[in-house]
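Undergrad: One structure, pasted below without further comment.
The values are calculated or read from the model by the stated rules, or taken from the named source; none is laboratory data. Since this is a predicted model, take the numbers as computed values, not measurements. A quick note on method: Cβ atoms are made from the backbone with ideal geometry, for glycine too, and the neighbour counts reach across all protein chains shown. Calculation scope for accessible area: heavy atoms of the full protein, side chains included, ligands and nucleic acids excluded. Shrake-Rupley method; radii C 1.70, N 1.55, O 1.52, S 1.80 Å.
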Amino acid sequence: MEASKEVLLNIKNLHKNFGDRGVLKGIDLVLHKGEVLVILGPSGCGKSTLLRCVNGLEKTNQGDIIFQGKSIYDKDIKMREIRQKIGMVFQSYDLFAHMTVIENILLGPMKSQKREKEEVLALARMLLEKVGLGDRENSYPRELSGGQKQRVAIVRSLCMNPDIILFDEVTAALDPEMVREVLEVILNLAKQGMTMMIVTHEMNFAKSVADRIIFMDEGVIVEESSPTEFFENPKTERAKQFLNKFE
Ligand code: ADP
Ligand code: MG
């Protein structure tokens, strides 16, 4: 889907240290509404930390994150509200084991957002149907495969009606045969115009889902380009070395 010109997220000169170690060293990034940004880079380069900063899970040391025209560090911004607008799905799905699929999904919208049960239930059922889990709303997480749990986690995030979703290696813990069914769901979201930042090690998926690729190494953005450009003609030696590992 064609991204709009409306800037949704503007990350400015972001720095993050752990102790005296710089992990993000001046990240500048603009994301438009409807855009799908894929973040690639070797393990430890700061991808997860960047996503965690964007949804306020990590405090930053310097720089700013402007979301929908306002700094997320603004005094009158509530982090809780930011986290509802900026959804995040992790490698570990973090579903509550003692709650059914539908109870897991309804929790956030009803408790934090105080929405009507009927409205959320209808939305949840529609989305579960879409991801092929229409018959599993009363199952417990232990009764589901990893791929099914990850699809539930995505539906749970979608039911909060976020303006953007961050995906951090959501297929990394899955058996190979379950990777596709989860990536399929994310591809469909992209087609529907959901704004997303995606960290992945699935290069074919990256190529097909991304509007834009950024390649990070050691806390900085080394390359920023279209998927075709990046995969066919990487500009830097570091990116070439990184891509060689996947061939
Ligand atoms: P990536 O997701 O690209 O693999 P991360 O963002 O997880 O990288 O980590 C970047 C660097 O920051 C790594 O060296 C990691 O060990 C370090 N790091 C991440 N989280 C913490 C933390 N909570 N405390 C200290 N160091 C951390
Ligand atoms: Mg990571």
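Undergrad: Among the aspartates and glutamates, select those whose C-alpha is under 12 Å from the C-alpha of Lys85, and discard any that sit fewer than 8 residues away in the same chain.
TA: Asp163
Undergrad: Right, here's the next one. About its Cα centre, what dipole magnitude does the chain give when the only charges are +1 on Lys and Arg Cβ and -1 on Asp and Glu Cβ, stated in debye to the nearest 20?
TA: So the magnitude is around 680 debye.
Undergrad: In square angstrom, rounded to the nearest 10, how much accessible surface does Tyr93 have for a 1.4 Å probe?
TA: 50
Undergrad: Which is farthest toward the positive dipole end of region 1-87 among Ser43, Ile27, Leu57, measuring Cα position about the Cα centre, with Cβ charges +1 (Lys, Arg) and -1 (Asp, Glu)?
TA: Value: Leu57.
Undergrad: Please list the radius of gyration and Dmax for the chain, considering alpha-carbon atoms only, with Å as the unit.
TA: Every Cα atom of the chain included, Rg and Dmax give 18.0, 54 Å.
Undergrad: State the percentage of accessible surface on region 1-128 attributable to carbon and sulfur atoms; use a 1.4 Å probe and exclude ligands, DNA and RNA.
TA: Working: 3400 of 6700 Å².
Within region 1-128, the accessible surface is 51 percent carbon and sulfur.
Undergrad: Could you list which residues have their amide H under 5 Å from that of Val89, counting only those 5 or more apart in sequence or on another chain, with H placed in the peptide plane?
TA: Leu166, Phe167, Asp168
Undergrad: Take the Cα gyration tensor of region 1-90, multiply each eigenvalue by 5, square-root it, and list the three semi-axes largest first, rounded to whole angstrom.
TA: Ellipsoid semi-axes (Å, largest first): 21, 17, 12.
Undergrad: Charges on Cβ only, +1 for Lys and Arg, -1 for Asp and Glu, centred on the Cα centroid of the chain; of Met99, Ser208, Leu133, which one is farthest towards the dipole's positive end?
TA: Among Met99, Ser208, Leu133, the one farthest towards the positive end of the dipole of the chain is Met99.
Undergrad: Hey, if we sort Phe231, Phe67 by accessible area with the 1.4 Å probe, largest down, what's the order?
TA: Final ranking, largest accessible area leading: Phe231, Phe67.
Undergrad: Under the classification rounded if a/c is under 1.5, otherwise prolate if a/b is larger than b/c and oblate if not, where does region 92-196 fall, given a ≥ b ≥ c as square roots of the Cα gyration tensor eigenvalues?
TA: In terms of gyration-tensor shape, oblate.
Undergrad: Another question about this same structure. Using 27 Å as the Cα-Cα cut-off, could you pick out the over-long pairs in Lys33/Lys245; Lys5/Lys111; Lys47/Lys111; Lys33/Lys70; Lys25/Lys114; Lys111/Lys207?
TA: Result: Lys33/Lys245; Lys5/Lys111; Lys47/Lys111; Lys25/Lys114; Lys111/Lys207 exceed 27 Å.
Undergrad: Using the Karplus curve 6.51 cos²θ - 1.76 cosθ + 1.60 with θ = phi - 60°, what ³J(HN,Hα) values do you get for each residue of region 169-182, in whole Hz, with x for Gly and Pro?
TA: The phi angles translate into 6, 5, 9, 4, 9, 8, 5, x, 6, 9, 4, 4, 4, 7 Hz.
Undergrad: Taking the DSSP beta bridges in the chain as the whole, what percent of them are antiparallel, to the nearest 5?
TA: On the way: 21 of 37 bridges.
Percent antiparallel among DSSP bridges in the chain is about 55.
Undergrad: Once each part is reduced to its C-alpha centroid, what is the distance from region 192-206 to region 1-77 in angstrom?
TA: Taking the Cα centre of region 1-77 as reference, the centre of region 192-206 is 16 Å away.
Undergrad: Amide H neighbours of Val36 under 5 Å, at least 5 residues apart or on other chains, H built in the peptide plane: list them.
TA: Amide H neighbours of Val36, under 5 Å, 5+ apart: Met196, Asp211, Arg212.
Undergrad: Among 106-114, 194-202, how do they line up from the highest to the lowest mean number of other beta-carbon atoms within 10 Å?
TA: Highest to lowest by the protection proxy: 194-202, 106-114.
Undergrad: With charges only on Cβ, +1 for K and R and -1 for D and E, what is the dipole size of region 64-144 about its Cα centre, in debye, rounded to 20?
TA: Approximately 240 debye in magnitude.
Undergrad: Accessible area of Phe96, 1.4 Å probe, to the nearest 10 Å²?
TA: The accessible area of Phe96 comes to roughly 90 Å².
Undergrad: Quick one: which residues, 5+ away or cross-chain, put their amide H under 5 Å from the amide H of Val222? H built at 1.01 Å from N.
TA: Distant-sequence amide H within range of Val222: Phe215, Met216, Asp217.
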